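Novice: Got a structure here, written out as structure tokens. Questions coming.
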Amino acid sequence: MTATGTSATPAKASAGYDRADWASAFRNVGVELDGVPITAVRGAIPPELQGTLYRNGPGRLERGGQWVHHPFDGDGMITALRFGGGSAELRNRFVRTEGWLAEEQADRVLYRGVFGTQKPGGPVANAFDLRLKNIANTHVVRLGDQLLALWEAAEPHALDPDTLETRGLSRLDGLLKPGEAFSAHPRFDPGHHGRPAMVTFGVKTGPRSTIRLMEFAVEDDPASGVKAGDLLHERRDSFNGFAFLHDFAITPNWAVFLQNAIAFNPLPYVMGRKGAAQCLQSQPGGQAKFWLIPRAGGAFAGQAPRIVDAPEGFVFHHLNAWEEGEAVVVESIYYSDFPSIGPDEDFRSVNFELLPEGLLEQCRIDLAAGTVSTTRLSERCCEFAMVNPEREGLPARFAWMAVAERETGNDPLQAIKKLDLHTGERRVWSAAPRGFVSEPLMVPRPGATAEDDGWVLCLVWNGARCASDLVILDAASLEEVAVLELPLAVPHGLHGSWAAA
């Protein structure tokens, strides 16, 4: 595992990877650990690193001999690493959803999956069964005294932040209706309007789609009586067209959504031949749109949304957004097309060469002219990019992201890159050839003034020992600070968060 720095010279050529190493992460987690002490096998845990790293992702991928068709259909499992005083302890627990409990008891697949998993029995057994199994597998965030396991098609599950015990389905004190969508990708405003807030949304899709934008307090404010978890603001806006939205971006004045030019034909789903997500496809001749919704407390509060044509391509994730005069700048990871796994493909043997890679691009939206200009920021395949959380919604100089080992082309994510967004200089830490990275989280050092003063935390699948490592990197240099070998095999996951002590 190495770190390299480069400005104009290309990174080293790919050392290649063994598909068996990558695929070995797809497995069932058969153990739940409770407060197991973890020590560094290399380096030392910084004593200033105090808080909990939470990760979510699929932990159950097979039942009764039947594998899920896509790992995104796997049952959610939370992994928590708590740091303090230079030490760490590990916990993991499955989210006790209604579907998980029922299938655990039956030891077989009882529900269809959004990404193509079918019940046994073929189309006849699956036709007209439109129940959604809330698998709580996409993200995990702390809100007040609750830890929320998120899955964007329905309500969150509330967990105990310390023990990870499932408290149950949460409708946030009646804020959500049964089955109402609640995003799995909230954004955390560091305090643009006087107090930090969690900004999130829910989508009701159809020929016209409605976005419910919500802002929650994340700290108690005794002076006003506001408590962490209280709803501060909400609004609803409807737009033409089907909305496939996983992520969004925020600035002090705007919530920025990108409506991909995606068509949805539900017939194969209704007839039991495909999962709902497999019925999505790029819309020929379609026009993507930026939807900019004014935020409460901003200069345009209460006004109608702005709608601007967006570039071609497909976006799952945004890096950041900010404002420059009458322009809004959005940095996103663009794919040339919607990446998917067909009904007859095995996700463990997917050909990366046939899938579009994600590339970081910057879109400058001129609100006065209603136009967009685009700049490519990096040619290296990337995903899961973030800035210092204190720069959310503001211009940021540095970004950290998971990238492929080689400089161009699509491969599994095996390295972490720090990119200087002003100069293009980059530094790369590599886990190749046998390591595979997940989403990196940048944690600022307490009291830091420099934007890149802190650490990058990343779970790495170690193919050599078929288990997971937690790697702590210096956020400025990307040098290893510590490596923790976990007594746990965490499958390739999705999103996570840091909760300071």
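Novice: Name the residues in region 434-458 that are buried (at least 22 other Cβ atoms within 10 Å of the Cβ) and without any contact (Cβ under 8 Å) to a residue 40 or more places away in the chain, would you?
Specialist: Correct list: VAL437 only.
Novice: Further question on the same structure: Is at least one residue of region 290-310 under 30 Å from LEU132 (Cα atoms), of a type in the set (S, T, N, Q) and touching a strand residue (DSSP E or B) at 6+ places or on another chain (Cβ under 9 Å)?
Specialist: no
Novice: Another question, if that's okay. Within the set of pairs 6+ apart or on separate chains, which have a first residue in region 336-365 that is over 14 Å from ASN410 (Cα atoms) and assigned to a loop (DSSP other than H, G, I, E, B), a second that is among the charged types (D, E, K, R) and modelled with pLDDT under 95, and C-beta atoms under 7 Å apart?
Specialist: Short answer, once both residue conditions are applied: PRO343/LYS274.
Novice: A further question on this structure: For region 229-239, check the following and say yes or no: at least one residue is without any contact (Cβ under 8 Å) to a residue 60 or more places away in the chain, touching a strand residue (DSSP E or B) at 6+ places or on another chain (Cβ under 9 Å) and closer than 18 Å to ILE307 by Cα.
Specialist: Checked against the condition, which is being without any contact (Cβ under 8 Å) to a residue 60 or more places away in the chain, touching a strand residue (DSSP E or B) at 6+ places or on another chain (Cβ under 9 Å) and closer than 18 Å to ILE307 by Cα, region 229-239 yields at least one hit.
Novice: If you check PHE384 against the conditions, is it buried (at least 23 other Cβ atoms within 10 Å of the Cβ), touching a residue at least 40 places away in the same chain (Cβ under 8 Å) and at positive phi?
Specialist: Here the answer is yes, as PHE384 does meet what is asked.
Novice: Considering only residues that are over 22 Å from ALA396 (Cα atoms) and over 22 Å from the mean Cα position of the chain (by Cα), which ones fall in region 449-485?
Specialist: GLY463, ALA464, ARG465, CYS466, GLU480, VAL481, ALA482, VAL483, LEU484, GLU485
A quick yes/no check of all residues on (1) closer than 23 Å to ARG167 by Cα; (2) of a type in the set (Lys, Arg); (3) buried (at least 19 other Cβ atoms within 10 Å of the Cβ):
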residue: ARG93; (1), (2), (3): yes, yes, yes
residue: GLN105; (1), (2), (3): yes, no, no
residue: THR117; (1), (2), (3): no, no, yes
residue: ALA136; (1), (2), (3): yes, no, yes
residue: ALA149; (1), (2), (3): yes, no, yes
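Novice: Restricting attention to region 43-52, and to residues there that are surrounded by 14 or more Cβ atoms within 10 Å (Cβ to Cβ) and of a type outside the set (A, V, I, L, M, F, W, C), which single residue is nearest to VAL481 (Cα to Cα)?
Specialist: Ranking the qualifying residues of region 43-52, first place goes to GLY43.
Novice: Moving on to the next point. Hey, can you tell me all the residues within region 52-73 that are assigned to a strand (DSSP E or B) and touching a Gly at 6+ places or on another chain (Cβ under 8 Å)?
Specialist: LEU53, TYR54, ARG55, ASN56, GLY57, PRO58, GLY59, ARG60
The rows are residues; the columns are (1) touching a Leu at 6+ places or on another chain (Cβ under 9 Å); (2) surrounded by fewer than 19 Cβ atoms within 10 Å (Cβ to Cβ); (3) at positive phi; (4) not in a strand (DSSP E or B).
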{"site": "GLY202", "(1), (2), (3), (4)": "yes, no, no, no"}
{"site": "ILE211", "(1), (2), (3), (4)": "yes, no, no, no"}
{"site": "GLU215", "(1), (2), (3), (4)": "yes, no, no, no"}
{"site": "GLU234", "(1), (2), (3), (4)": "yes, yes, no, no"}
{"site": "ARG273", "(1), (2), (3), (4)": "yes, yes, no, yes"}
{"site": "LEU292", "(1), (2), (3), (4)": "yes, no, no, no"}
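Novice: I'm trying to understand the selection: among the residues of region 109-144, which are assigned to a loop (DSSP other than H, G, I, E, B) and touching a Pro at 6+ places or on another chain (Cβ under 7 Å)?
Specialist: At the first step, the residues of region 109-144 found to be assigned to a loop (DSSP other than H, G, I, E, B) are 109-121, 127-138, 144.
Answer for region 109-144, where residues must be assigned to a loop (DSSP other than H, G, I, E, B) and touching a Pro at 6+ places or on another chain (Cβ under 7 Å): VAL109, GLY116, ASN137.
Novice: If TRP461 passes every condition in (1) of a type outside the set (Ser, Thr, Tyr); (2) in a loop (DSSP other than H, G, I, E, B); (3) crowded, with 23+ Cβ neighbours inside 10 Å but one, which one does it miss?
Specialist: Only one criterion in (1) of a type outside the set (Ser, Thr, Tyr); (2) in a loop (DSSP other than H, G, I, E, B); (3) crowded, with 23+ Cβ neighbours inside 10 Å is unmet by TRP461, namely (2).
The values are calculated or read from the model by the stated rules, or taken from the named source; none is laboratory data. Note that the structure is a prediction, hence the values are computed from the model and not measured. All Cβ positions, even for glycine, are placed from backbone atoms using ideal geometry, and neighbour counts span all protein chains on display.
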